[in-house]
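No value in this document is a laboratory result; all are computed from the given coordinates. Predicted model only: the values in this text are computed from it and were never measured. With ideal geometry, Cβ positions are generated from the backbone for all residues, glycine too; neighbour counts draw on all protein chains shown.
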Amino acid sequence: MTKLKCGLIQMAFKGDMSMDPDEIRDLMIDAHIPYIEDAGKQGVQVLCFQEVFTQAYFCPSQDRKWYAAAERIPDGHTVKLMQKYAKKYKMVIVVPIYEEEMPGVYYNTAAVIDADGSYLGKYRKTHIPHVDPGFYEKFFFKPGNLGYPVFDTAYVKLGVYICYDRHFPEGWRALALNGAEYIVNPSATVAGLSKHLWELEQPAAAVANGVFIGAINRIGKEEPWAGEMGEFYGSSYIVNPRGTIEAQASYGEDELLVHEIDLDLIREVRNTWQFFRDRRPELYDDLIEG
């Protein structure tokens, strides 16, 4: 059996919205470090944080102040620091942060660092919501332009999808067809309509594509927008290619979820459910016409 030990970290916002984005970044990183160290000591091989993990979920504000939270990838502070932890613990780390490509051009991005500390590449969130109340992401993020890369890490072929992306089945399929075995979906999603979908869509995507999925969500109420936005509900989990949630974190606690998956299950499931064999892409042209 080919085992892979996975780690997901969910966390509440630290600090307050009046602080400088660099101060917030430092607080959030400091809060994560004990969990990163714990993951390393437990032998986690692939670790992922929540969406834009170094900051508040600032999209309700439409305040240009938050542009200063964006960092370069891979040359910014956060990625460089995580490279050190990846190398120290021989651990692949997925680092979802706010990315600056150039002044005025920003993306919601996840950098992928291999177990030797080397930078492998990045995924940029493809689907950008503008949804009432509070999810005004188009003010902050340009739609991703890097397609659906799969990263050949030391331990697994890894894909990344980010939050709102999960509502679009095409990306899951593209990642699986590109060879992904384990796909992580760092998120910031609040109670309400999405809570029902949280444990529906990603298990369905895991089944349809014969992959493992790690779903990560932040926790808590982020003032001053909590009354408008609601509460981030955590409940991060790992689901297998049969759609079974194998391990799940709490609703509302800072937590490192560690779980070992069996990658051999991918072959077993795909040899039973021949979805890739039975696809008819030559008949799907209408799906991609504007």
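Here are a few things to note about the model shown:
- Hits among lysines - C-alpha to C-alpha of residue 221 under 27 Å, sequence gap 8 or more where chains match: 14, 65, 125, 138, 142, 195
- Shown here for region 224-290: trypsin sites (Lys or Arg not before Pro) in loop regions (DSSP other than H, G, I, E, B) with at most 15 other Cβ atoms within 10 Å, namely 242, 279.
- Take every pair of alpha-carbon atoms less than 8 Å apart whose residues are at least six positions apart; their mean separation over the length of the chain yields a relative contact order of 20 percent.
- Protection-proxy order for peptides 104-113, 75-84, each taking the mean of Cβ atoms within 10 Å per residue, highest first: 104-113, 75-84
- Neighbour-count ranking [beta-carbon atoms within 10 angstrom, fewest first] of 246, 268, 222: 268, 246, 222
- Report summary: the helix-based calculation at 222 nm, which adds -39500 (n - 2.57) for every DSSP H run with n ≥ 4 and divides by the residues of the chain, gives -7500 deg cm²/dmol.
- For the pair region 1-80 and region 155-207, the centres of their Cα atoms are 19 angstrom apart.
- Only lysines eight or more places from residue 80 in sequence, or on another chain, were considered; those with a Cα closer than 19 Å are 88, 90, 122.
- The Cα-based radius of gyration and maximum Cα-Cα distance (Dmax) for region 134-231 are 14.6, 43 Å.
- For region 222-287, applying the loop criterion from DSSP together with a ceiling of 11 other beta carbons within 10 Å to the chymotrypsin sites (Phe, Trp or Tyr not before Pro) yields 284.
- Exposure proxy ranking, count of Cβ atoms within 10 Å, fewest first, for 278, 20: 278, 20
- Principal axis extents of the C-alpha atoms in the chain (largest first, rounded to whole Å): 54, 47, 35.
- 5 angstrom amide H check on residue 12, placed H, neighbours 5+ away: 219, 254
- Potential lengthening between residue 245 and residue 19 on full extension [0.36 nm per residue; Cα-Cα distance subtracted]: 77.6 nm
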